[in-house]
Amino acid sequence: MIVWATLPPLISLPLSLILVAFGSEMHKVSAGAPLWVLLLLLYFALTMMYVFSIKNGLYTQMTPLQMATQGIMICIVSMEAGAPPILPWVGVVIAVSGFFMIIHFFMHRQTPRSSAAEQAPVSADTAGGAGTSPETTPFPLVVTDDEGVIVEANASFKDLTGDALAEGKSVMTFFTPGETEGVVGGKKHAVFQKAKDGLFHFLLIDNPPPVKSTKVQETSSGTDLFDPKTGLYSRKYAQLRIKEELSRANRYRRWLCGILLKVNCAYLPGLGKQPTLEDTFLVAYVQYIKNTIRESDMGFFMGEREILLLLPETPQQGAKDTALKLIDLPEPLLEMTKDYPFATEIEYGFLYYSGNYPLVYDQFIQKLYSSLGGSTE
C-alpha cells in the first residue's frame, strides 16, 4: 500500500542528504554520543507509533508523528552536518508542533471516554472484555460467548426485541451472526460484529428507509418532506419550516438555536473513494443524532453530508452542550471507522437566536454556515 512509503525513515534519508549538502565545517556542532543515542531512541519510538497508526487506521495522528520524527532528524543532522544555524531551530519548531498535536489528539481521545466510564457502571463480565459497557451506547448491542450465548444485552436491544430476559439465550433467536443485515424487532438493521477477548460484540444500526415509488408526504409546494437516505427532513422542507420557526421565535420572543454538522471523510493518498462505506457511517451517525436530541428538536439533511438541527425553546449553553456532545463520537462509531479506508471528522457551526430582532431564513443559514469550523476527529 502506498501509505507505507510515507514511513519516517524513508523520508528522513533524502532530507539528511540535502542537509549534508548544505553543511560546512564552520557551522558544525557536535551533539555528543549520549544525546545522539537518546534522540535516536525517541526517533525509533515515534516511527513505531507511526507503523501502529497505519495498522490500526489512526490516520489523523500520522501527520503529527511525521512532524515530530522529521523535526528531530532535521535538528540533530543539521548541527552535525554544519548546515546554516537556522535549520536546527526549524527542526525544533517542527518537532514541538508535532508533539503538541500528538498531546491534543490523545487528550481528545481519552478524556471523554474516561468520564463516560466514571458515570456508567460496568459489570464484572464486560469490564475485562469490552472497552465500554453496552449501556453507554444508544444503539442496540449484545455480547455473546464463543458459542453464541448472550452474556449481556443493553436496554436498547431489550426494548427493540421486547425481551427483558435476553441474557442466557442464543443470539440465533434474534439474528444470524456473520451476516451484515438482519430483521430484529420487525425492522431491518445493519449488523456490525467484532471479536474481543473471547467475546463477540454485535451492534445493530437502523438501515435508512427505502426509497418509495410514491411520495410519503408532500408539502403544499410539492416538495418531499423527508430525505430518503437518512430519514431526516429534507432541505426543501427546511426552507419552509425554519422560516416558520424564525417567525414564531420573533413573535413570542422565544429562544431558537441552530446546529450545523458536516461529516468529512479524508482518504489516504492512493486509496479510492468508498461511497457505500461513507453512507453506512452517515446513517449510523444520523441514528446517534436521533437518539441524542429531544423529540421537540428537528433534523434536516442539507445534502453534501450536512445536517442542520433546529432546537426551539433552548438556551444558548444547553444548545452548545448538545453540539459538543454530537461531535464527540461514541465508542461504537469510533470502532466502526477503524477498519475504514478514511478518517472521519465532524465539523460544526452554531447559532443562537434570542428572538428580540427580525431574522430571515437566508440570514439564519448564512450565519450558521459562517460559524462552521469547530471540529473533532
Would you confirm whether any residue within region 284-307 is among the hydrophobic types (A, V, I, L, M, F, W, C), closer than 28 Å to residue 156 by Cβ, modelled with pLDDT of 90 or more and part of a loop (DSSP other than H, G, I, E, B)? yes
Subset of region 60-75 that is among the polar types (S, T, N, Q) and out of contact with any Gly (no Cβ under 9 Å at 6 or more places or on another chain) - its residue that is surrounded by the most Cβ atoms within 10 Å (Cβ to Cβ): 61
Tally the residues that are out of contact with any Cys (no Cβ under 6 Å at 6 or more places or on another chain) and in contact (Cβ under 8 Å) with a residue 60 or more places away in the chain, restricting the search to region 320-343. 16
Within region 274-283, considering residues that are in a helix (DSSP H, G or I) and touching a strand residue (DSSP E or B) at 6+ places or on another chain (Cβ under 9 Å), the one surrounded by the most Cβ atoms within 10 Å (Cβ to Cβ): 281
Could you check region 134-211 for strands (runs of 3 or more DSSP E) lying wholly inside it with 2 or more residues that are modelled with pLDDT under 85 and surrounded by 12 or more Cβ atoms within 10 Å (Cβ to Cβ)? 181-184, 187-196, 199-206
All but one of (1) of a type in the set (Gly, Ala, Ser); (2) at pLDDT below 90; (3) in a strand (DSSP E or B) hold for residue 270; which doesn't? (3)
Which count do you get for residues in region 322-359 that are surrounded by 16 or more Cβ atoms within 10 Å (Cβ to Cβ), out of contact with any helix residue (DSSP H, G or I) (no Cβ under 9 Å at 6 or more places or on another chain) and more than 26 Å from residue 267 (Cβ to Cβ)? 1
For region 323-333 the number of residues that are within 13 Å of residue 139 (Cα to Cα) and part of a helix (DSSP H, G or I) is 3
Between 282, 324, 308, which is assigned by TED's automatic domain parsing to the domain that holds residue 254 and over 30 Å from residue 253 (Cβ atoms)? 282
Quick one: which residue in 77, 37, 29, 96 is of a type in the set (A, V, I, L, M), in the same structural domain as residue 7 (by TED's automatic domain parsing) and not in a helix (DSSP H, G or I)? 29
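The values are calculated or read from the model by the stated rules, or taken from the named source; none is laboratory data. Every value quoted in this text rests on a predicted model; they were computed, and no experiment measured them. Quick reminder, even Gly has a Cβ in these numbers, built from the backbone with ideal geometry, and neighbours come from all protein chains shown.
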